[in-house]
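Participant: Here it is: the structure, laid out below.
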Amino acid sequence: MPDAIEELRRREEKVLSTSYTRPYPFVPRRGEGVWLEDVEGRRYLDFMGGIAVNTTGYAHPRVLAAARAQMERFVHVCFSDFTHEPLVSLAERLVEKLGGGYRVYFGNSGTEAVEAAIKLVRYHTRRPYLLAFTGAFHGRTMGSLSLTASNARYRNGFGPFLSGVVHVPFPSPSHPPFGVPPERAGEAVLGHLEQLFKTALPPEEVAAFFVEPIQGEGGYLLPAPGFFAELKKRLERHGILLVADEIQTGAGRTGTFLAMEQEGVKPDLVTLAKGLASGFPISALLFLEELSSWPPGAHGTTFGGNPVAAAAAHATLDLLEEGLMENARRVGELLLNELTTRLTPLAPVREVRGRGLMLAVEFASPELRDRAVRAAFEAGLLTLPAGPAALRIAPPLILGREEALKGAAILEEVIAGLS
Ligand SMILES: Cc1ncc(COP(=O)(O)O)c(C=O)c1O
(Lines give C-alpha, C1' and ligand atoms only; values in the text may rest on other atoms or scores of the structure.)
Protein backbone atom coordinates (compact mmCIF):
# COMPACT_ATOMS: atom_id res chain seq x y z
CA MET A 1 0.00 0.00 0.00
CA PRO A 2 1.48 3.42 -0.90
CA ASP A 3 2.79 5.48 2.02
CA ALA A 4 0.21 8.29 2.09
CA ILE A 5 -2.67 5.80 2.12
CA GLU A 6 -1.11 3.54 4.72
CA GLU A 7 -0.35 6.54 6.93
CA LEU A 8 -3.99 7.71 6.84
CA ARG A 9 -5.24 4.17 7.53
CA ARG A 10 -2.94 3.94 10.55
CA ARG A 11 -4.23 7.26 11.89
CA GLU A 12 -7.88 6.39 11.41
CA GLU A 13 -7.43 3.03 13.10
CA LYS A 14 -6.55 4.91 16.29
CA VAL A 15 -9.44 7.38 16.35
CA LEU A 16 -12.33 6.17 14.20
CA SER A 17 -15.20 3.90 15.12
CA THR A 18 -14.37 0.32 14.17
CA SER A 19 -17.80 0.01 12.50
CA TYR A 20 -16.60 1.54 9.22
CA THR A 21 -16.03 -1.03 6.49
CA ARG A 22 -13.20 -0.66 3.98
CA PRO A 23 -13.75 -2.91 0.92
CA TYR A 24 -10.43 -1.65 -0.49
CA PRO A 25 -7.95 1.09 0.39
CA PHE A 26 -9.18 3.97 -1.75
CA VAL A 27 -8.40 7.47 -0.44
CA PRO A 28 -9.76 10.26 -2.65
CA ARG A 29 -8.07 13.60 -3.21
CA ARG A 30 -10.34 15.10 -5.84
CA GLY A 31 -12.88 14.20 -8.46
CA GLU A 32 -14.14 15.48 -11.77
CA GLY A 33 -16.96 14.06 -13.86
CA VAL A 34 -16.99 10.27 -13.43
CA TRP A 35 -13.33 10.16 -12.44
CA LEU A 36 -11.76 10.20 -9.00
CA GLU A 37 -8.12 10.72 -8.20
CA ASP A 38 -6.53 9.26 -5.06
CA VAL A 39 -3.97 10.90 -2.81
CA GLU A 40 -1.19 9.23 -4.81
CA GLY A 41 -2.46 10.74 -8.06
CA ARG A 42 -3.93 7.50 -9.50
CA ARG A 43 -7.15 7.90 -11.49
CA TYR A 44 -10.21 5.70 -11.04
CA LEU A 45 -13.38 5.33 -13.08
CA ASP A 46 -16.23 5.60 -10.58
CA PHE A 47 -18.90 2.90 -10.95
CA MET A 48 -20.19 3.30 -7.38
CA GLY A 49 -20.98 7.02 -7.09
CA GLY A 50 -20.56 7.15 -3.30
CA ILE A 51 -23.24 4.40 -3.11
CA ALA A 52 -25.61 5.76 -5.75
CA VAL A 53 -25.36 9.35 -4.53
CA ASN A 54 -23.25 11.39 -6.95
CA THR A 55 -25.90 11.82 -9.63
CA THR A 56 -24.08 14.58 -11.49
CA GLY A 57 -20.56 13.25 -10.89
CA TYR A 58 -17.83 15.22 -9.15
CA ALA A 59 -17.48 18.98 -9.21
CA HIS A 60 -20.36 19.62 -11.59
CA PRO A 61 -20.12 23.39 -12.21
CA ARG A 62 -23.89 23.94 -12.09
CA VAL A 63 -24.29 22.12 -8.76
CA LEU A 64 -21.30 23.90 -7.25
CA ALA A 65 -22.50 27.30 -8.45
CA ALA A 66 -25.99 26.76 -7.00
CA ALA A 67 -24.60 25.62 -3.63
CA ARG A 68 -22.03 28.44 -3.54
CA ALA A 69 -24.66 31.09 -4.28
CA GLN A 70 -26.92 29.78 -1.51
CA MET A 71 -23.98 29.63 0.94
CA GLU A 72 -23.38 33.34 0.32
CA ARG A 73 -27.03 34.05 1.19
CA PHE A 74 -27.49 31.84 4.29
CA VAL A 75 -26.34 28.35 5.25
CA HIS A 76 -28.87 27.50 7.93
CA VAL A 77 -32.09 28.77 9.41
CA CYS A 78 -34.00 25.98 11.12
CA PHE A 79 -36.75 25.05 8.68
CA SER A 80 -38.78 23.44 11.46
CA ASP A 81 -39.37 27.01 12.69
CA PHE A 82 -38.87 29.32 9.71
CA THR A 83 -39.80 28.81 6.09
CA HIS A 84 -37.56 29.70 3.14
CA GLU A 85 -37.72 29.82 -0.62
CA PRO A 86 -35.19 27.10 -1.60
CA LEU A 87 -37.05 24.41 0.30
CA VAL A 88 -40.62 25.44 -0.48
CA SER A 89 -39.80 25.51 -4.17
CA LEU A 90 -38.04 22.15 -3.86
CA ALA A 91 -41.15 20.67 -2.23
CA GLU A 92 -43.33 22.12 -5.01
CA ARG A 93 -41.03 20.64 -7.59
CA LEU A 94 -40.90 17.17 -6.03
CA VAL A 95 -44.68 17.06 -5.66
CA GLU A 96 -45.04 18.02 -9.31
CA LYS A 97 -42.55 15.31 -10.35
CA LEU A 98 -44.71 12.74 -8.58
CA GLY A 99 -47.83 13.93 -10.42
CA GLY A 100 -49.30 16.08 -7.61
CA GLY A 101 -51.33 15.29 -4.51
CA TYR A 102 -48.45 14.89 -2.04
CA ARG A 103 -46.94 16.85 0.85
CA VAL A 104 -43.28 16.78 1.83
CA TYR A 105 -41.28 16.41 5.04
CA PHE A 106 -37.51 17.04 4.73
CA GLY A 107 -34.63 15.38 6.60
CA ASN A 108 -30.89 15.00 6.09
CA SER A 109 -30.45 11.29 5.43
CA GLY A 110 -32.30 8.30 4.10
CA THR A 111 -32.93 6.79 7.48
CA GLU A 112 -34.56 10.01 8.72
CA ALA A 113 -37.05 9.89 5.87
CA VAL A 114 -37.85 6.27 6.73
CA GLU A 115 -38.24 7.10 10.44
CA ALA A 116 -40.63 9.89 9.49
CA ALA A 117 -42.60 7.45 7.34
CA ILE A 118 -42.83 4.91 10.19
CA LYS A 119 -44.12 7.60 12.53
CA LEU A 120 -46.58 9.01 10.02
CA VAL A 121 -48.15 5.68 8.99
CA ARG A 122 -48.60 4.68 12.62
CA TYR A 123 -49.91 8.11 13.59
CA HIS A 124 -52.33 8.32 10.71
CA THR A 125 -53.72 4.78 10.76
CA ARG A 126 -53.35 4.10 14.50
CA ARG A 127 -52.44 0.55 13.44
CA PRO A 128 -49.44 -1.16 15.05
CA TYR A 129 -48.04 -3.54 12.43
CA LEU A 130 -45.57 -2.90 9.59
CA LEU A 131 -44.62 -5.18 6.72
CA ALA A 132 -41.24 -5.31 4.99
CA PHE A 133 -39.28 -7.72 2.83
CA THR A 134 -36.54 -10.09 3.81
CA GLY A 135 -33.45 -8.68 2.12
CA ALA A 136 -34.71 -5.11 2.60
CA PHE A 137 -32.46 -2.24 3.56
CA HIS A 138 -34.21 0.82 4.96
CA GLY A 139 -31.52 2.26 7.22
CA ARG A 140 -29.71 1.73 10.50
CA THR A 141 -31.46 3.80 13.16
CA MET A 142 -33.71 1.80 15.46
CA GLY A 143 -36.97 2.23 13.55
CA SER A 144 -35.56 1.76 10.07
CA LEU A 145 -33.24 -1.00 11.32
CA SER A 146 -36.32 -2.85 12.52
CA LEU A 147 -37.41 -2.98 8.86
CA THR A 148 -33.91 -3.75 7.52
CA ALA A 149 -33.32 -7.47 6.94
CA SER A 150 -30.57 -7.66 4.34
CA ASN A 151 -27.80 -8.91 6.61
CA ALA A 152 -27.93 -10.24 10.18
CA ARG A 153 -24.67 -8.36 10.82
CA TYR A 154 -26.59 -5.06 10.73
CA ARG A 155 -28.97 -6.29 13.46
CA ASN A 156 -26.69 -8.42 15.60
CA GLY A 157 -26.50 -7.09 19.15
CA PHE A 158 -28.99 -4.25 18.64
CA GLY A 159 -32.30 -5.90 19.47
CA PRO A 160 -35.00 -5.92 20.59
CA PHE A 161 -36.35 -3.94 17.67
CA LEU A 162 -39.57 -2.05 17.07
CA SER A 163 -42.39 -4.46 17.83
CA GLY A 164 -44.91 -5.29 15.14
CA VAL A 165 -42.60 -5.63 12.12
CA VAL A 166 -43.31 -8.68 9.96
CA HIS A 167 -41.00 -9.70 7.10
CA VAL A 168 -42.07 -11.61 4.00
CA PRO A 169 -39.82 -12.91 1.18
CA PHE A 170 -39.02 -10.61 -1.76
CA PRO A 171 -40.45 -11.82 -5.10
CA SER A 172 -37.15 -12.03 -6.96
CA PRO A 173 -37.07 -14.15 -10.11
CA SER A 174 -33.28 -14.38 -9.61
CA HIS A 175 -33.74 -15.93 -6.16
CA PRO A 176 -37.32 -17.19 -6.07
CA PRO A 177 -38.69 -17.85 -2.57
CA PHE A 178 -40.29 -21.13 -1.40
CA GLY A 179 -38.39 -23.10 -4.08
CA VAL A 180 -40.82 -22.03 -6.85
CA PRO A 181 -39.64 -21.48 -10.45
CA PRO A 182 -38.67 -17.86 -11.32
CA GLU A 183 -41.91 -17.11 -13.19
CA ARG A 184 -43.95 -17.93 -10.07
CA ALA A 185 -41.98 -15.76 -7.61
CA GLY A 186 -44.59 -12.98 -7.52
CA GLU A 187 -47.61 -15.23 -7.12
CA ALA A 188 -45.86 -17.24 -4.37
CA VAL A 189 -45.24 -14.13 -2.28
CA LEU A 190 -48.79 -12.84 -2.78
CA GLY A 191 -50.12 -16.26 -1.72
CA HIS A 192 -47.90 -16.19 1.37
CA LEU A 193 -49.21 -12.74 2.26
CA GLU A 194 -52.86 -13.83 1.92
CA GLN A 195 -52.12 -16.81 4.15
CA LEU A 196 -50.50 -14.53 6.70
CA PHE A 197 -53.53 -12.23 6.65
CA LYS A 198 -55.84 -15.21 7.26
CA THR A 199 -53.82 -16.80 10.04
CA ALA A 200 -51.37 -14.65 11.99
CA LEU A 201 -51.53 -11.02 10.95
CA PRO A 202 -54.98 -9.36 10.82
CA PRO A 203 -54.70 -6.99 7.83
CA GLU A 204 -56.87 -4.36 9.50
CA GLU A 205 -54.07 -3.98 12.06
CA VAL A 206 -51.35 -3.37 9.46
CA ALA A 207 -50.40 0.29 8.90
CA ALA A 208 -48.07 -0.03 5.91
CA PHE A 209 -45.86 -2.18 3.73
CA PHE A 210 -42.36 -0.70 3.22
CA VAL A 211 -40.82 -1.76 -0.10
CA GLU A 212 -37.81 -1.02 -2.26
CA PRO A 213 -38.89 -1.19 -5.94
CA ILE A 214 -35.52 -2.85 -6.62
CA GLN A 215 -33.72 -4.21 -3.57
CA GLY A 216 -30.51 -2.24 -3.16
CA GLU A 217 -28.23 -3.27 -0.33
CA GLY A 218 -29.93 -6.71 -0.52
CA GLY A 219 -28.25 -7.37 -3.88
CA TYR A 220 -29.81 -5.22 -6.64
CA LEU A 221 -32.71 -7.65 -7.02
CA LEU A 222 -35.49 -6.88 -9.48
CA PRO A 223 -39.09 -7.72 -8.56
CA ALA A 224 -41.26 -10.18 -10.48
CA PRO A 225 -42.97 -8.37 -13.40
CA GLY A 226 -46.33 -6.92 -12.39
CA PHE A 227 -45.85 -7.80 -8.71
CA PHE A 228 -46.09 -4.30 -7.26
CA ALA A 229 -49.22 -3.37 -9.21
CA GLU A 230 -50.97 -6.48 -7.86
CA LEU A 231 -49.62 -5.90 -4.35
CA LYS A 232 -50.94 -2.32 -4.35
CA LYS A 233 -54.44 -3.53 -5.27
CA ARG A 234 -54.45 -6.10 -2.48
CA LEU A 235 -53.15 -3.65 0.12
CA GLU A 236 -55.83 -1.13 -0.85
CA ARG A 237 -58.53 -3.69 -0.02
CA HIS A 238 -57.30 -3.64 3.58
CA GLY A 239 -56.44 0.06 3.88
CA ILE A 240 -52.72 -0.78 4.14
CA LEU A 241 -50.43 2.00 2.90
CA LEU A 242 -47.64 1.32 0.42
CA VAL A 243 -44.36 3.10 1.26
CA ALA A 244 -41.93 3.08 -1.66
CA ASP A 245 -38.42 3.51 -0.34
CA GLU A 246 -36.81 5.08 -3.40
CA ILE A 247 -33.74 6.26 -1.53
CA GLN A 248 -31.47 4.22 -3.80
CA THR A 249 -33.71 3.74 -6.87
CA GLY A 250 -35.10 7.29 -7.06
CA ALA A 251 -33.88 10.60 -8.50
CA GLY A 252 -33.57 9.18 -11.99
CA ARG A 253 -31.21 6.27 -11.31
CA THR A 254 -33.31 3.65 -13.10
CA GLY A 255 -34.17 5.94 -16.02
CA THR A 256 -37.41 7.40 -14.61
CA PHE A 257 -37.64 9.78 -11.66
CA LEU A 258 -39.09 7.01 -9.48
CA ALA A 259 -38.54 3.33 -10.23
CA MET A 260 -42.20 2.79 -9.26
CA GLU A 261 -43.25 4.65 -12.42
CA GLN A 262 -42.04 1.61 -14.37
CA GLU A 263 -44.27 -0.61 -12.20
CA GLY A 264 -47.31 1.60 -12.93
CA VAL A 265 -47.80 2.17 -9.21
CA LYS A 266 -48.52 5.42 -7.35
CA PRO A 267 -47.27 4.82 -3.80
CA ASP A 268 -49.00 6.37 -0.78
CA LEU A 269 -45.65 7.48 0.59
CA VAL A 270 -42.22 7.83 -1.06
CA THR A 271 -38.80 8.30 0.52
CA LEU A 272 -35.96 9.98 -1.39
CA ALA A 273 -32.38 10.81 -0.36
CA LYS A 274 -29.01 9.66 -1.77
CA GLY A 275 -28.93 11.04 -5.35
CA LEU A 276 -31.35 13.92 -4.79
CA ALA A 277 -28.70 16.63 -4.30
CA SER A 278 -25.57 15.09 -5.88
CA GLY A 279 -23.88 14.42 -2.54
CA PHE A 280 -25.28 17.22 -0.39
CA PRO A 281 -27.21 15.65 2.49
CA ILE A 282 -30.97 15.99 2.14
CA SER A 283 -33.89 13.58 2.23
CA ALA A 284 -37.57 13.86 1.56
CA LEU A 285 -40.64 11.96 2.63
CA LEU A 286 -43.56 12.56 0.28
CA PHE A 287 -46.98 11.46 1.49
CA LEU A 288 -50.42 11.71 -0.05
CA GLU A 289 -52.39 14.80 0.88
CA GLU A 290 -55.06 12.69 2.64
CA LEU A 291 -52.44 11.31 5.05
CA SER A 292 -51.63 14.80 6.27
CA SER A 293 -52.72 14.51 9.89
CA TRP A 294 -49.73 15.70 11.94
CA PRO A 295 -50.35 18.83 14.03
CA PRO A 296 -47.49 21.38 14.28
CA GLY A 297 -44.67 19.97 16.42
CA ALA A 298 -45.63 16.31 15.89
CA HIS A 299 -42.30 15.76 14.12
CA GLY A 300 -39.29 17.96 13.38
CA THR A 301 -35.54 18.35 12.97
CA THR A 302 -32.83 21.00 13.43
CA PHE A 303 -30.83 20.47 10.26
CA GLY A 304 -33.32 18.73 7.96
CA GLY A 305 -33.93 20.53 4.68
CA ASN A 306 -30.71 22.51 4.61
CA PRO A 307 -30.96 25.39 2.10
CA VAL A 308 -27.52 24.71 0.54
CA ALA A 309 -28.52 21.09 -0.03
CA ALA A 310 -31.85 22.32 -1.40
CA ALA A 311 -30.02 24.56 -3.90
CA ALA A 312 -27.89 21.58 -4.96
CA ALA A 313 -31.07 19.50 -5.30
CA HIS A 314 -32.58 22.16 -7.61
CA ALA A 315 -29.48 22.07 -9.82
CA THR A 316 -29.55 18.26 -9.80
CA LEU A 317 -33.23 18.22 -10.82
CA ASP A 318 -32.49 20.74 -13.61
CA LEU A 319 -29.78 18.44 -14.95
CA LEU A 320 -31.98 15.35 -14.63
CA GLU A 321 -34.70 17.12 -16.61
CA GLU A 322 -32.23 18.36 -19.22
CA GLY A 323 -31.12 14.84 -20.15
CA LEU A 324 -29.46 12.92 -17.32
CA MET A 325 -32.45 10.69 -16.73
CA GLU A 326 -32.56 9.90 -20.41
CA ASN A 327 -28.80 9.25 -20.26
CA ALA A 328 -29.30 6.81 -17.36
CA ARG A 329 -31.79 4.93 -19.54
CA ARG A 330 -29.67 4.94 -22.70
CA VAL A 331 -26.20 4.35 -21.24
CA GLY A 332 -27.69 1.94 -18.70
CA GLU A 333 -29.12 -0.19 -21.49
CA LEU A 334 -25.83 -0.11 -23.38
CA LEU A 335 -23.90 -1.10 -20.25
CA LEU A 336 -26.35 -3.87 -19.36
CA ASN A 337 -26.05 -5.34 -22.87
CA GLU A 338 -22.29 -5.00 -22.86
CA LEU A 339 -21.91 -6.59 -19.43
CA THR A 340 -24.31 -9.39 -20.34
CA THR A 341 -22.39 -10.21 -23.50
CA ARG A 342 -18.96 -9.97 -21.95
CA LEU A 343 -19.54 -11.43 -18.48
CA THR A 344 -22.25 -14.11 -18.61
CA PRO A 345 -19.98 -16.60 -20.44
CA LEU A 346 -17.40 -16.33 -17.62
CA ALA A 347 -17.41 -19.15 -15.05
CA PRO A 348 -17.54 -16.98 -11.87
CA VAL A 349 -20.62 -15.03 -13.08
CA ARG A 350 -24.19 -16.21 -12.35
CA GLU A 351 -26.20 -13.28 -13.69
CA VAL A 352 -26.06 -9.70 -14.93
CA ARG A 353 -29.18 -7.65 -14.17
CA GLY A 354 -30.56 -4.22 -13.40
CA ARG A 355 -32.34 -1.18 -14.74
CA GLY A 356 -30.96 2.17 -15.87
CA LEU A 357 -27.69 2.80 -14.09
CA MET A 358 -28.52 0.47 -11.21
CA LEU A 359 -26.83 -2.71 -12.38
CA ALA A 360 -25.36 -5.80 -10.76
CA VAL A 361 -23.13 -8.71 -11.57
CA GLU A 362 -23.93 -11.72 -9.43
CA PHE A 363 -21.16 -14.20 -8.70
CA ALA A 364 -21.11 -17.90 -7.89
CA SER A 365 -19.87 -17.14 -4.36
CA PRO A 366 -19.28 -14.22 -1.97
CA GLU A 367 -15.52 -14.92 -2.17
CA LEU A 368 -15.46 -14.55 -5.95
CA ARG A 369 -17.45 -11.32 -5.68
CA ASP A 370 -15.08 -9.91 -3.08
CA ARG A 371 -12.08 -10.81 -5.23
CA ALA A 372 -13.71 -9.18 -8.27
CA VAL A 373 -14.42 -5.92 -6.39
CA ARG A 374 -10.81 -5.83 -5.20
CA ALA A 375 -9.34 -6.71 -8.59
CA ALA A 376 -11.49 -4.05 -10.29
CA PHE A 377 -10.16 -1.47 -7.83
CA GLU A 378 -6.58 -2.51 -8.61
CA ALA A 379 -7.39 -2.13 -12.30
CA GLY A 380 -8.74 1.41 -11.76
CA LEU A 381 -12.50 0.79 -11.46
CA LEU A 382 -14.46 1.53 -8.27
CA THR A 383 -17.42 -0.77 -7.54
CA LEU A 384 -19.07 -2.02 -4.36
CA PRO A 385 -20.54 -5.25 -3.05
CA ALA A 386 -24.31 -5.67 -2.54
CA GLY A 387 -26.14 -8.63 -1.01
CA PRO A 388 -24.46 -11.97 -0.49
CA ALA A 389 -22.66 -12.26 -3.84
CA ALA A 390 -23.39 -9.29 -6.13
CA LEU A 391 -21.11 -6.53 -7.35
CA ARG A 392 -23.10 -3.33 -7.72
CA ILE A 393 -22.71 -0.69 -10.38
CA ALA A 394 -24.21 2.72 -9.56
CA PRO A 395 -22.15 5.32 -11.40
CA PRO A 396 -22.93 9.02 -11.75
CA LEU A 397 -25.78 9.45 -14.25
CA ILE A 398 -23.49 11.55 -16.45
CA LEU A 399 -21.66 8.35 -17.44
CA GLY A 400 -20.80 8.45 -21.15
CA ARG A 401 -20.84 5.59 -23.67
CA GLU A 402 -17.06 5.39 -23.89
CA GLU A 403 -16.69 5.29 -20.11
CA ALA A 404 -19.38 2.61 -19.84
CA LEU A 405 -17.58 0.48 -22.42
CA LYS A 406 -14.25 1.03 -20.69
CA GLY A 407 -15.68 -0.08 -17.34
CA ALA A 408 -17.24 -3.18 -18.91
CA ALA A 409 -13.90 -4.09 -20.51
CA ILE A 410 -12.09 -3.74 -17.16
CA LEU A 411 -14.67 -5.96 -15.48
CA GLU A 412 -14.34 -8.60 -18.19
CA GLU A 413 -10.59 -8.63 -17.84
CA VAL A 414 -10.50 -8.87 -14.05
CA ILE A 415 -13.30 -11.44 -13.80
CA ALA A 416 -11.72 -13.60 -16.52
CA GLY A 417 -8.54 -13.47 -14.44
CA LEU A 418 -10.31 -14.87 -11.35
CA SER A 419 -10.95 -18.35 -12.63
C1 LIG B 1 -33.26 1.86 0.07
C2 LIG B 1 -32.54 2.55 1.17
N3 LIG B 1 -33.23 3.04 2.20
C4 LIG B 1 -32.62 3.70 3.21
C5 LIG B 1 -31.25 3.87 3.24
C6 LIG B 1 -30.61 4.60 4.37
O7 LIG B 1 -30.12 5.81 3.92
P8 LIG B 1 -28.99 6.60 4.78
O9 LIG B 1 -27.76 5.77 4.73
O10 LIG B 1 -28.84 7.92 4.08
O11 LIG B 1 -29.53 6.74 6.16
C12 LIG B 1 -30.49 3.36 2.19
C13 LIG B 1 -29.01 3.49 2.19
O14 LIG B 1 -28.29 2.72 1.59
C15 LIG B 1 -31.14 2.67 1.13
O16 LIG B 1 -30.45 2.16 0.10
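Participant: For the chain, report the accessible area per residue in Å² (1.4 Å probe, heavy atoms, rounded to an integer).
Facilitator: Accessible area per residue, the chain: 42 Å².
Participant: Enumerate the whole-percent occupancy of each 20 Å bin, from 0 to the last occupied one, for all C-alpha pair distances of the chain.
Facilitator: 26, 59, 15, 0
Participant: Near residue 97, which lysines are there with a Cα under 22 Å away, not counting those fewer than 8 places off in the same chain?
Facilitator: Correct list for residue 97: 232, 266, 274.
Participant: Can you work out the Karplus-derived ³J(HN,Hα) for every residue in segment 201-215? Use 6.51 cos²θ - 1.76 cosθ + 1.60 with θ = phi - 60°, whole Hz, and x for glycine or proline.
Facilitator: Values per residue, Gly and Pro as x: 10, x, x, 6, 9, 9, 7, 7, 10, 8, 9, 9, x, 10, 5 Hz.
Participant: Among rounded, prolate and oblate, which fits segment 156-235 when a ≥ b ≥ c are the square roots of the eigenvalues of its C-alpha gyration tensor, a/c under 1.5 means rounded, and a/b larger than b/c means prolate?
Facilitator: It comes out oblate by the Cα gyration axes.
Participant: Roughly how many Å² of residue 29 are accessible to a 1.4 Å probe, to the nearest 10?
Facilitator: Roll a 1.4 Å probe over it and residue 29 shows about 130 Å².
Participant: For the chain, with only Lys/Arg (+1) and Asp/Glu (-1) charged at the beta-carbon, what is the dipole magnitude about the Cα centre, in debye rounded to 20?
Facilitator: Charge dipole, the chain, about its Cα centre: 600 debye, nearest 20.
Participant: Okay, next question. Got the relative contact order for the chain handy, in percent, Cα pairs under 8 Å and 6 or more residues apart?
Facilitator: In percent, rounded to a whole number, it is 22.
Participant: Let me ask something else about it. Please compute the net charge surrounding residue 345, taking Lys and Arg as +1 and Asp and Glu as -1 over other residues with Cβ under 15 Å from its Cβ.
Facilitator: In short, -3.
Participant: How big is the gap, in Å, between the Cα center of segment 9-32 and the Cα center of segment 315-340?
Facilitator: 30 Å
Participant: Please give the charge dipole size of segment 76-305, origin at the Cα centre, charges +1 on K and R Cβ atoms and -1 on D and E Cβ atoms. Round to the nearest 20 debye.
Facilitator: 420 debye
Participant: I would also like to ask the following. If you wrap a convex hull around the C-alpha atoms of segment 268-313 and split its volume per residue, what is the figure in Å³?
Facilitator: So the per-residue hull volume is 83 Å³.
Participant: Assuming a ≥ b ≥ c are the square roots of the Cα gyration tensor eigenvalues, decide whether segment 76-305 counts as rounded (a/c under 1.5), prolate (otherwise, with a/b larger than b/c) or oblate.
Facilitator: Prolate.
Participant: How high is the relative contact order of segment 76-305? Use alpha-carbon pairs under 8 Å, at least six apart in sequence, and give a whole percent.
Facilitator: Over segment 76-305, the number comes to 27 percent.
Participant: Compute the normalised compactness of segment 156-293: alpha-carbon radius of gyration over 2.2 N^0.38 Å, N being the residue count.
Facilitator: 1.09
Participant: In µm²/s, what is D for segment 1-140 at 4 °C and 1.567 mPa s, where D = kT/(6 pi eta Rh) by Stokes-Einstein and Rh is the Kirkwood radius from Cα pairs?
Facilitator: 67 µm²/s
Participant: How many percent of the accessible area of segment 207-248 is carbon or sulfur, using a 1.4 Å probe?
Facilitator: Ligands and nucleic acids excluded, carbon and sulfur give 53 percent.
Participant: Rounded to the nearest Å, what's the spacing between the alpha carbon centres of segment 86-147 and segment 371-401? Just the number, please.
Facilitator: 28 Å
Participant: When the helix-only estimate is applied to the chain (DSSP H runs of n ≥ 4, each -39,500 (n - 2.57), divided by the residue count), what is the mean residue ellipticity at 222 nm, nearest 500 deg cm²/dmol?
Facilitator: That comes out to -11500 deg cm²/dmol.
The values are calculated or read from the model by the stated rules, or taken from the named source; none is laboratory data. Being a predicted model, the structure only gives us computed values, none of them experimental. Because the Cβ atoms are built from the backbone with ideal geometry, glycine has one as well, and the counts that use them run over all protein chains shown. Note: areas computed on protein heavy atoms with side chains; ligands, DNA, RNA excluded. Shrake-Rupley method; radii C 1.70, N 1.55, O 1.52, S 1.80 Å.
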